[in-house]
Amino acid sequence: MSSELLRLENVNFQLDNFHLSNINIDLHANEIHVIMGENGSGKSLLMQIISGLVIPDSGAIYIRNEQVRKKTLSPDMFDDVIYIRQDVTMLTQLSIAENLFFNKMPYKNKLFRSIDYDKLNYMCQCLIEDLDLPVSVFDRVETLGFAQRQILEFCRAYISDASIVILDEPSSALTQSERDLLYRIVKKIKAKGTGIFYITHCLEDVSLIGDRVTVIKNGSIVGTRSVADCPQEEIIKMLSGRYIKTRYPKIVIKKGKNILSVRNLHFSDKLKNINLDLNEGDILGITGLAGSGRTLLANCLFGAVDGVEGEIFLNGTPIKIDSPNKAICNGIALIPENRLTDSLFACLDVSNNVAVSSLKRFANFSLINTTYLEQVVADYIEKLNIPHNLHNNIMEYTGGNQQKAIFAKWIMSRAKIFILDEPTRGLDIASKIDIYNSINDLIKKKAGVIFISSDIEEILGFCDRVAVLANRTCVCNMPIKDITIEKIIEFSTGQEQ
Amino acid sequence: MFAIERIKIIKDYLTKDKHVSVAKLSSLLNVTEVTIRRDLEKLENDGFLKRTHGGAVLNADLEEPFVFEETDDDYNVQMMEISDTIFHLVSDNDIIMLTDGPTNLRAAKKLVHKKNLTVLTNDLKIALEFSASPSNKLILLGGDLDESAVYGQLAINNMQNFSLNHLIVEVEGVSKKTGITVSSISKASLIQEACKMAETISVVCLAEHFGAKSFYRVGGLEIADKIITNSTLSDTYKDYLFDLNIQLYTSVNIYEE
């Protein structure tokens with residue numbers, strides 16, 4: 001067995017509602033250790049602990065059998081670990097060479113720090129030839145596409161001296177040929193004797209380059225297997241784990257007429273050929289991995305992005321939704337994923353935050369009847385169990401109550417189509433239950449709901465139909481009774497195409 | 001002004017004047033006509049009034065000012081909300097049992113609009129509701145009559161001839177410690193027997209009665225598949241029941257059509 005580079009023993013870490021518990025994991029030299037788990041299962045947090053960005057509450061970390069004791073965060077400690085994140089961190093005004101060798105510039109004169117550009121460009125050219133990259137040394141980073149920039153990030157891992165490399169979902173945004181390039185680079189990094197943690201959702205990655213695979217679920221490790229003797233079905237089984245769907249308060253409503261149908265929706269190169277239908281009383285679940293375009297689809301339907309192609313029909317009439325205002329006027333509501341940046345007015349109190357989408361209702365010759373407004377808001381927030389003080393600033397409330405206030409806002413606007421993007425992520429259970437039950441009230445009264453979530457249990461337990469997004473399109477759209485959690489994982493990881 | 005207060009005012013007005021227009025109520029209460037129509041619709045469903053073009057008249061069949069004079073309005077609204085959830089949890093063609101209780105009675109009033117139900121009950125008032133509904137079948141248990149419901153060994157023997165899709169029991173207490181409790185021993189034993197014959201068991205209880213306990217225990221909380229209550233339920237119970245994998249319906253009534 002090759003030598004051990006890193007070992008974590010009984011690491012625990014608590015972050016708000018989430019905790020990593022008793023993590024035991026190790027990494028050997030010359031090894032690609034694949035980490036899998038659904039969104040929010042704690043993969044990235046674990047990697048932050050390994051890279052030293054986060055100090056665990058308890059447990060021990062050993063690098064080459066030597067315990068690492070960290071009291072403070074200091075960059076010196078990360079020499080051995082390089083962490084390539086999903087988002088690209090490049091200086092767009094500089095050339096590729098300058099970006100790649102930013103930490104190890106060749107100097108003509110060490111004292112004056114004058115850069116030896118000839119040597120820099122030569123080093124970079126060697127690297128490009130070595131890896132056979134489709135770029136030139138002198139290209140500035142701003143002229144490159146996202147995927148190319150990502151590939152350059154991987155090159156940084158290649159040229160660094162770190163013995164532990166962490167790649168966080170490197171393949172999710174890449175096309176097939178770019179993926180092949182990624183695999184080539186990763187194999188070269190491995191050949192240097194480096195150990196690699198490779199986070200992915202794609203089962204194909206595991207079988208092509210993985211040596212071992214570890215599955216994480218809800219902050220603890222389900223198991224570690226050697227890829228060679230672990231069939232894919234077993235990995236899927238580990239990913240789906242224990243599964244409960246009966247605790248969601250589902251009601252079944254007789255479906256009414258069609259209120260929204262989407263035909264051949266395209267958006268630049270990110271979404272293609274999307275067809276959806278929504279009836280009165282329907283909850284359509286949409287799931288897929290992070291980055292599969294769920295949020296983008298929601299924005300397309302709400303008119304929040306420009307350049308949407310395809311046809312959208314409301315109640316059978318074709319309509320072009322080119323702005324959120326038009327969407328709201330036509331009875332479409334969107335609860336975005338990120339409530340802090342996209343939903344709340346941090347400077348306003350609760351009553352104004354709730355009433356802001358229905359001010360017309362309270363206006364009397366362009367004057368707002370505040371007494372009436374407050375009466376109606378009080379009625380709403382009482383029913384949703386939001387603590388009763390209309391004039392508190394919205395930011396003083398807990399996440400659950402903020403989210404319920406956002407819900408109240410759209411329910412008050414009497415929309416007919418509700419697009420909910422991760423409405424329950426990160427909420428306490430009581431708020432989740434309030435939200436499920438208010439969704440029930442919506443569908444009882446003939447509204448239609450599009451429910452976007454990465455929690456597959458929730459989708460299966462609460463929706464009527466489920467659509468899975470993968471590879472920029474909708475890969476399945478079927479009634480809940482015909483689908484299983486394993487099937488959804490297979491669809492979203494691109495195994496059935 | 002809360003919906004509850006509005007409804008009270010509308011009721012008082014109607015009892016006095018026998019008829020009212022939407023416009024008049026709207027200006028009187030300083031709310032939009034849409035809201036008034038919603039209130040009137042609710043009251044019509046309760047059987048309090050009949051809606052007419054542009055207004056409403058007091059329901060002529062009504063002898064007393066209100067059907068459920070024994071409970072005050074606040075309870076009534078909560079029970080109506082719960083009964084609406086019950087209505088949506090029952091599908092056409094189901095074989096259900098409704099045990100005696102005021103919320104189940106309200107649910108029965110709604111369930112008569114379903115098709116092809118088979119309803120088993122021990123409550124005379126519930127049976128009466130279904131008597132005028134030819135599209136559904138009602139089976140009334142026999143047994144010892146206590147107030148308006150039957151219990152006892154006779155009722156239990158009677159009941160054992162049936163198998164149920166869905167049992168809906170109304171109880172007087174739900175608590176973490178004592179489980180599900182009711183006010184009489186004969187009711188407790190009837191429910192215990194009924195639970196043995198049902199695929200799905202729903203427990204109906206007002207949020208106020210969570211944490212309170214009645215004297216006679218039916219069983220632990222885990223016998224319930226679904227618990228139906230109203231939206232004022234405390235957060236601790238929501239957490240607790242979700243962890244027990246019980247579907248919890250809080251009958252939020254918030255969306256205005």
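The values are calculated or read from the model by the stated rules, or taken from the named source; none is laboratory data. Given the structure is predicted, the values throughout are model-derived calculations rather than measurements. All Cβ positions, even for glycine, are placed from backbone atoms using ideal geometry, and neighbour counts span all protein chains on display. The area values use the complete protein model at the heavy-atom level, side chains included, leaving out ligands, DNA and RNA. Shrake-Rupley method; radii C 1.70, N 1.55, O 1.52, S 1.80 Å.
List of remarks:
- One residue alone among B:VAL57, B:VAL20, B:VAL77, B:VAL67 is at pLDDT below 80, among the aliphatic types (A, V, I, L, M) and open to solvent by 10 Å² or more (accessible area, probe 1.4 Å), and that residue is B:VAL67.
- Among the candidates A:ASP277, A:ASP282, residue that is more than 28 Å from A:ILE394 (Cβ to Cβ), surrounded by 14 or more Cβ atoms within 10 Å (Cβ to Cβ) and either of a type in the set (Ser, Thr, Tyr) or free of Cβ contacts under 8 Å to residues at least 24 places away in the same chain (or both): A:ASP277
- Of all residues in segment A:1-50, those satisfying the criterion of being within 25 Å of A:ILE489 (Cα to Cα), part of a strand (DSSP E or B) and open to solvent by less than 20 Å² (accessible area, probe 1.4 Å) are A:LEU20, A:ILE23, A:ILE25, A:ILE32, A:HIS33, A:VAL34, A:ILE35, A:MET36.
- Filtered residues of segment A:244-265 (kept if under 17 Å from B:VAL90 (Cβ atoms) and either surrounded by 17 or more Cβ atoms within 10 Å (Cβ to Cβ) or within 7 Å of chain B (Cβ to nearest Cβ) (or both)): A:PRO249, A:LYS250, A:ILE251, A:VAL252, A:ILE253
- No other residue among B:GLU129, B:GLU147 is without any contact (Cβ under 8 Å) to a residue 40 or more places away in the chain, open to solvent by 40 Å² or more (accessible area, probe 1.4 Å) and in contact with a Lys or Arg (Cβ under 8 Å, 6 or more places away or on another chain) apart from B:GLU129.
- Residues in segment B:112-126 that are crowded, with 23+ Cβ neighbours inside 10 Å, over 16 Å from B:LEU164 (Cα atoms) and not acidic (Asp, Glu): B:ILE126 alone.
- Which numbered condition A:ILE166 misses (of (1) part of a helix (DSSP H, G or I); (2) closer than 15 Å to A:ILE82 by Cα; (3) touching a helix residue (DSSP H, G or I) at 6+ places or on another chain (Cβ under 6 Å)): (1)
- All of (1) open to solvent by 30 Å² or more (accessible area, probe 1.4 Å); (2) out of contact with any Leu (no Cβ under 7 Å at 6 or more places or on another chain) hold for A:ARG156 with one exception: (2).
- Scan segment A:326-346 for residues that are closer than 20 Å to A:ALA447 by Cβ and either at pLDDT below 90 or not basic (Lys, Arg) (or both) and the total you get is 11.
- When segment A:210-219 is limited to residues that are surrounded by fewer than 23 Cβ atoms within 10 Å (Cβ to Cβ) and not in a strand (DSSP E or B), the one that is modelled with the lowest pLDDT turns out to be A:ASN218.
- Condition check for A:TYR380: within 23 Å of B:GLU5 (Cβ to Cβ) and either within 12 Å of chain B (Cβ to nearest Cβ) or surrounded by 15 or more Cβ atoms within 10 Å (Cβ to Cβ) (or both): yes
- Any hit, segment A:356-373, residues being away from chain B (no Cβ under 14 Å) and part of a helix (DSSP H, G or I): yes
- Among residues of segment B:27-38, those that are away from chain A (no Cβ under 12 Å) and buried (at least 16 other Cβ atoms within 10 Å of the Cβ), counted: 2
- Of everything listed in (1) in a strand (DSSP E or B); (2) within 14 Å of chain B (Cβ to nearest Cβ), the single unmet condition for A:ASN401 is (1).
- Any hit, segment B:88-104, residues being in a helix (DSSP H, G or I), in contact with a Phe, Trp or Tyr (Cβ under 7 Å, 6 or more places away or on another chain) and within 14 Å of chain A (Cβ to nearest Cβ): no
- Residue within segment A:137-159 that is within 23 Å of A:LEU94 (Cβ to Cβ), polar (S, T, N, Q) and more than 28 Å from the chain's Cα centre (by Cα) present: no
- Residues satisfying the stated conditions in segment A:323-337, i.e. over 26 Å from the mean Cα position of the chain (by Cα) and not in a helix (DSSP H, G or I): A:ASN330, A:GLY331
- Residue within segment B:142-156 that is assigned to a strand (DSSP E or B) and among the polar types (S, T, N, Q) present: no
- Identity of the residue in segment A:176-209, among the hydrophobic types (A, V, I, L, M, F, W, C) and part of a strand (DSSP E or B), that ends up farthest from A:SER163 (Cα to Cα): A:ILE199
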